[in-house]
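Every number here is computed from the coordinates shown, using simple stated rules; none is lab data. Since the structure is predicted, the reported quantities are computational estimates derived from the model, not experimental observations. Please note: Cβ atoms are built from the backbone with ideal geometry, for glycine as well, and neighbour counts cover all protein chains shown.
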Amino acid sequence: MATWIPDPSFYPSPRMAMQAPPERLAYVAMLNTDTISRPDALGVVDVDPGSSGYGRIISRLDMPNAGDELHHFGWNACSSALCPYAPHPHVERRYLIVPGLRSSRIHIVDTKADPAHPKIVKVIEPEQLAARANYSRPHTLHCGPEGIYVSALGNGGGNGGGPGGVFLIDHETFDVLGQWEIDRGPQFLSYDVWWHLGQDTMITSEWGTPDMIEDGLNPELLLGAKYGRRVHFWDLHRRRHRQTIDLGPEYQLALELRPAHDPTKAHGFMNAVVNLKDLSSSIWLWHRDGGQWAMRKVIDIPAEPADPDQLPPILKGFKAVPPLVTDIDLSLDDRWLYVSCWGTGEMQRYDVSDPFRPKLTGSVRLGGIVGRSRHPSAEGDLNGGPQMVEVSRDGKRVYFTNSLYRSWDEQFYPEGIKSWMVKLDASPEGGLSIDERFFLRFDDGFRGHQIRLEGGDASSDSYCYP
Amino acid sequence: MSDAWQWLALIGLGAFHGVNPAMGWLFAVAFGLQEGRRGAVVKALPPIALGHALSVLVVVISFTMVQLVTAPDLLKPATVAVLIGFGGYRLVRGHRHRVRVGMRTGFAGLTLWSFLMASAHGAGLMILPLLLGMLAPAQLMALSLCGPGAEMTGTIAALGSAAAGLAVVLVHMAAMLVVIAIVGLVVFETVGLGILRRGWVNFDLVWAGALIGTGIGLLFLR
């Protein structure tokens, strides 16, 4: 239903969105390690510090089938609805679009009637997705000028191959509108998708096709540098491939894209998970250079030496624990970059006021392959490590969970990840501290993955005005 | 309706179209903010007004051609049907259109964008009732000015319509341009975009209502 004035959670600019009221609820994708008989779920977490249930799960919405592997998800509409050239400001931010990365089934969840107890209102079956868009394995999604843009890792042919790409879903009817690309150029692998609305530019990154990732990280493919290492720049409105930047063969797994939120800035950050020479992770900056896009490495995070006895089989030969930076997040003021080191168990905070020269200003250790760092409110060692990270719109609160992707979890934490979600407080000066009141333990075989905050967060919206 | 009232109504519709953020002033403000200068707002206004006027012109030309070959008593019911039909379509279909123009566009892109936006919203259609009241008298006036001459009447009537139609387009465009300039500059300079959060009422609903209401009103008009 159309509203009379814009949805109150839409803000013209990131600056204004930072004034939004603090979130009281968080939604968390929960995958189940029993993929045969127990469905995944969407969890609702109480994040209101004034509430007696603070830091606990309020409700759990089970999916209709088992084995979806819920992963990333997002809103049907957001602040981009206020964009001047394609306005649709009277749509509500109401539905969560929740794809199953393994099943290719997409769930439409209505949060309006009772935000703490959302309901499934529609399910898009994999056959429909394949028939309408010829894609499978839906991954990242963003609300944008033409509806909901979703990246997909695989083709719709059912063979686990590529190309992966982007498709569109209507933000009101939730019909799959079809493949987004008109000319994909050399792009074949797919992972993340986002854009610079001020530059009419879409950006996509690369992981691998379903058959390269679903059985776990394949060491042969990795050492052969076959996983994604390229970034693609597209004309957002003509839907054509414009430019490819190759990080170089030693960089593997070019994943999360975090463009500056301010549409007058034309830069952003991306993480490359592993460097084959020394197992380090790196953060790359893309920026305008003349009439083209350019990229350069701005952060190197080294592997830490480790006793092989403490390492899982896949790492024993290296005698080191890689940082495995698998997620990053940029605050709405484009000043702070949060970096999840899933291998070493560290959450880092960088000041990126000068994007070419990031400064490390804060760090918290939790979990880790070797470190197993503890939380003040939890008994015993923690495993898994900081992974999917989300920052509140005002930039003061940082939430994250500790699982990556089921089959990859088992390779790096073979004893089985015990999943948790925590919250950190981010001080205005750059520090980072653990909120001792917030330690959420997932049980019943559930593992927490992406977090979305009520009303929007630092990776849910895009803006057309500075 | 008297002649003066019709021109006033035309100006009023131009102002109404101009106030709608989706018709262009917001786009102009976005360019101003993107480049950080008022000149960018001002520079975006002419192509926006031009594209809008071209869309209205298409309706005026189509109407004139239909009018020349249609029996006068069919014209009104046809207009009513078009207005109510398009208003209903707007209500049901809303804003689903392929995006073709973004923040890096220039004069031609902005003109095209404004043309498409005005056409999709039925900006020209809203003027149909006024055309109904203004073009036929203009034909008569042209005929009376030229005196009798049977073989010339078709051409003269068409010329009369064309002159009046052009005047309609220009007056509407001028009113729209003045309003987008005032609103755009005031929002850019002083008010700020926070106004959008509460002030951007659902013009789509208002437009659909206006189209349908005009259609119904026309039914009862003499």
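Take B:LEU68, project a point 7 Å from its Cα along the Cβ direction, then tell me which residues of region B:110-134 have their backbone nitrogen under 18 Å from it.
Backbone N within reach: B:131-132, B:134.
Are there cysteines in chain A with no second cysteine's Cβ under 4.7 Å away, and if so, which?
Result for chain A is A:CYS341, no neighbouring Cys Cβ within the cutoff.
Would you work out the relative contact order for chain B, in percent, from Cα pairs under 8 angstrom that are 6 or more residues apart?
40
Partner chain Cβ atoms within 10 Å, averaged over the residues of B:202-210 - can you pull that number for me?
2
How big is the equivalent ellipsoid of region B:65-222 along its three axes, where each semi-axis is √(5λ) from the Cα gyration tensor, reported in whole Å from largest to smallest?
Each semi-axis is the square root of five times an eigenvalue, giving 35, 20, 15 Å.
Between the alpha-carbon centers of region B:158-222 and region A:249-296, tell me the distance in whole angstrom.
So the separation of the two Cα centres works out to 46 Å.
With +1 on each Lys and Arg Cβ and -1 on each Asp and Glu Cβ, how big is the dipole of chain B about its Cα centre, in debye rounded to the nearest 20?
Its charge dipole is roughly 820 debye.
Grab the Cα-Cα distance for A:ASP307 and A:ARG437, subtract it from 0.36 nm times how many residues apart they are, and report the gain in nm with one decimal.
Using 0.36 nm per residue and subtracting the Cα-Cα distance, I get 43.4 nm.
Given a Förster radius of 22 Å and the C-beta distance between A:ASP215 and A:LYS277 as r, what FRET efficiency does 1/(1 + (r/R0)^6) yield to the nearest 0.05?
Calculated value: 0.30.
Assuming R0 = 41 Å, can you tell me the calculated FRET efficiency for the pair B:LEU166 and A:ALA2, based on Cβ-Cβ distance, to the nearest 0.05?
According to the calculation, E is roughly 0.65.
List the extent of the Cα atoms of region A:64-177 along each of their three principal axes, largest first, rounded to whole Å.
The Cα atoms of region A:64-177 stretch 40, 35, 19 Å along their principal axes.
I'd like to compare A:342-350, A:429-437: which one has the highest average count of other Cβ atoms within 10 Å, and what's the full order after that?
Listed from highest to lowest mean packing, they are A:342-350, A:429-437.
Looking only at other chains, what is the average number of their beta-carbon atoms within 10 angstrom of each beta-carbon in A:10-20?
3
If each DSSP helix of 4+ residues adds -39,500 (n - 2.57) and the sum is divided by the residues in the protein assembly as shown, what number results at 222 nm, nearest 500 deg cm²/dmol?
Calculated at 222 nm, the ellipticity per residue is -9500 deg cm²/dmol.
How are the C-alpha pair distances of region B:47-127 spread across 5 Å bins, as whole percents from the shortest bin up?
3, 15, 20, 20, 18, 13, 7, 4, 1, 0
Distance between the C-alpha centers of region A:139-195 and region A:391-466? Whole Å please.
Taking the Cα centre of region A:391-466 as reference, the centre of region A:139-195 is 25 Å away.
For region A:179-327, how big is the tail of P(r) above 27 Å, as a whole percent of Cα pairs?
I get 26 percent for the Cα pairs in region A:179-327 exceeding 27 Å.
Work out from phi, with θ = phi - 60° and the Karplus expression 6.51 cos²θ - 1.76 cosθ + 1.60, the ³J(HN,Hα) of each residue of region B:172-181, listed in order in whole Hz, and give x for Gly and Pro.
With the stated coefficients, region B:172-181 comes to 4, 5, 4, 4, 5, 4, 4, 5, 5, 5 Hz.
I need two numbers for region B:154-222: Rg to one decimal and Dmax as a whole number, Cα atoms only, in Å.
Just the Cα atoms of region B:154-222 yield Rg and Dmax of 18.2, 55 Å.
What full-extension length gain, to one decimal in nm, is calculated for A:ASP62 and A:ASP444 as 0.36 nm per residue of separation minus the Cα-Cα distance?
Roughly 136.3 nm would be gained on extension.
Between A:LYS119 and A:GLU410, what is the FRET efficiency for a Förster distance of 22 Å, r being their Cβ-Cβ separation, to the nearest 0.05?
0.10
Where the centroid of each part is defined by its Cα atoms, how far is region B:82-146 from region A:309-364 in Å?
Cα centres, region B:82-146 to region A:309-364: 55 Å.
When N counts the residues of chain A, how does its alpha-carbon radius of gyration compare numerically with 2.2 N^0.38 Å, as a ratio?
Expressed relative to 2.2 N^0.38 Å, the Cα Rg reads 0.89.
Check which residues have an amide H placed less than 5 Å from A:LYS122's amide H, if you skip close sequence neighbours.
The list, which skips near neighbours in sequence, is A:ILE108.
Can you compute log10 of I(q)/I(0) for region A:33-122 with the Debye formula, treating each Cα as one identical point scatterer, at q = 0.21, 0.22, 0.26 Å⁻¹?
The calculated log intensity ratios at q = 0.21, 0.22, 0.26 Å⁻¹ are -1.05, -1.09, -1.24.
With 25 Å as the limit, write out which pairs from A:LYS226/A:LYS297; A:LYS122/A:LYS396; A:LYS297/A:LYS418 have Cα-Cα distances beyond it, or answer none.
Violating the 25 Å limit, Cα to Cα: A:LYS122/A:LYS396; A:LYS297/A:LYS418.
With springs connecting C-alpha atoms under 10 Å apart, model chain B as a Gaussian network and identify which of B:ALA71, B:ALA120, B:ALA40 has the largest mean-square fluctuation.
B:ALA71
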